[in-house]
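One structure is given here, and the rest of the page talks about it.
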Amino acid sequence: MRGRNSQEFRARREVAAKTPAARPVSTTAATARDRQASVDRNRNLAVNRDRNVAVNRTSDFDANHERTAAVNRTRNPDVNGFRNANEFRGRNNVAINRNRNFAVNRTANAAYYRGGNVRVTNNWRGDAFRGQRYAAFRNYHRQWHDRGWWRSHYDRIIFVNNGWYYWNAGYWFPAWGYAPYVSYVYDGPIYGYNGLSPDQVTVSVQEQLAAAGYYDGPIDGILGPMTREAIAAYQADNGLAITSAIDEPTLATLGLV
């Protein structure tokens, strides 16, 4: 029995002696693997950090842009509203002052000419009446002739407002003496246009002056004192030569020619 045990022991020892020893686990591979994992972790961290920064930058820009746009939208209506209110107030004040000054000047001029200066009907001398458009007024002199003379010198003579008028070079003139007992409330030329008679021209002027606030008398086609006062005031307000009569520049300023 003892002999068998000894033989088994020897046999196991020989087997163990012949079996090569197990190679220890290499630490080099583990170290390399850990180092690579660390590198990958750092790289992923850097990549994710850069990506997050870019995303946050875009998000912040969009958010700030929207916030700024909202603030500007709120601020701009307030600023523009204030600016527009000031501009409107300024324009309104200019218009009010202009209308007020115009009304004051118109009233003052009408009162001034109503005081008697307008009665000087034939005083069309001076620098204000230079130029071709006032030649008919500068050169006007009353002519007294009988009916035969007028008919032989002018082919267009009409009866208007109880008087006779002849047509010459774009103006209507009173034909003194055509009817011996006829007198004229206005002694001077009346500018004519579009073939209108002197009373029709006067009606147009009266209507325009009434619409502009200068004339509040009858629309009767008579170039009497009230109409002439209104014409004088209108001419003064518009920088025209004050003829107190119907001349071409006044008709043009009134928009009639």
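The values are calculated or read from the model by the stated rules, or taken from the named source; none is laboratory data. Not measured: the values here are computed from a predicted model. Note that each Cβ is placed from the backbone with ideal geometry, even for glycine, and that neighbours are counted across all protein chains shown.
A few remarks follow.
- Whichever residue in segment 145-187 is within 53 Å of the chain's Cα centre (by Cα) and at positive phi and, among such residues, is surrounded by the most Cβ atoms within 10 Å (Cβ to Cβ): N161
- For segment 99-116, the condition holds for no residue, the condition being that it is surrounded by 12 or more Cβ atoms within 10 Å (Cβ to Cβ), closer than 18 Å to T243 by Cβ and modelled with pLDDT of 95 or more.
- Verdict on E248 being under 21 Å from Q132 (Cβ atoms), in contact (Cβ under 8 Å) with a residue 24 or more places away in the chain and charged (D, E, K, R): yes
- Test: I219 is farther than 18 Å from F137 by Cβ and more than 46 Å from the chain's Cα centre (by Cα): no
- Segment 238-248, residues that are crowded, with 18+ Cβ neighbours inside 10 Å and farther than 18 Å from Q200 by Cα: A241, I242, T243
- Residue pairs meeting the criteria (Cβ under 7 Å; at least 6 apart or on separate chains; first within 12 Å of A212 (Cα to Cα) and among the small types (G, A, S), in segment 226-240; second buried (at least 19 other Cβ atoms within 10 Å of the Cβ) and modelled with pLDDT of 95 or more): A230/L209; A230/Y214; A230/Y215; A233/Y214
- Criterion violated by E207 - all others in (1) surrounded by 17 or more Cβ atoms within 10 Å (Cβ to Cβ); (2) out of contact with any strand residue (DSSP E or B) (no Cβ under 7 Å at 6 or more places or on another chain); (3) closer than 20 Å to T253 by Cα; (4) not polar (S, T, N, Q) satisfied: (1)
- Any hit, segment 152-163, residues being in contact with a Ser or Thr (Cβ under 7 Å, 6 or more places away or on another chain), closer than 23 Å to G131 by Cβ and not acidic (D, E): no
- Selection within segment 210-227 - crowded, with 22+ Cβ neighbours inside 10 Å and in a helix (DSSP H, G or I): T227
- The sole residue among Y181, Y193, Y154 that is free of Cβ contacts under 8 Å to residues at least 12 places away in the same chain and out of contact with any helix residue (DSSP H, G or I) (no Cβ under 6 Å at 6 or more places or on another chain) is Y181.
- Selected residue (criterion: surrounded by the fewest Cβ atoms within 10 Å (Cβ to Cβ)) from residues of segment 188-204 that are within 38 Å of the chain's Cα centre (by Cα) and of a type in the set (S, T, N, Q): N194
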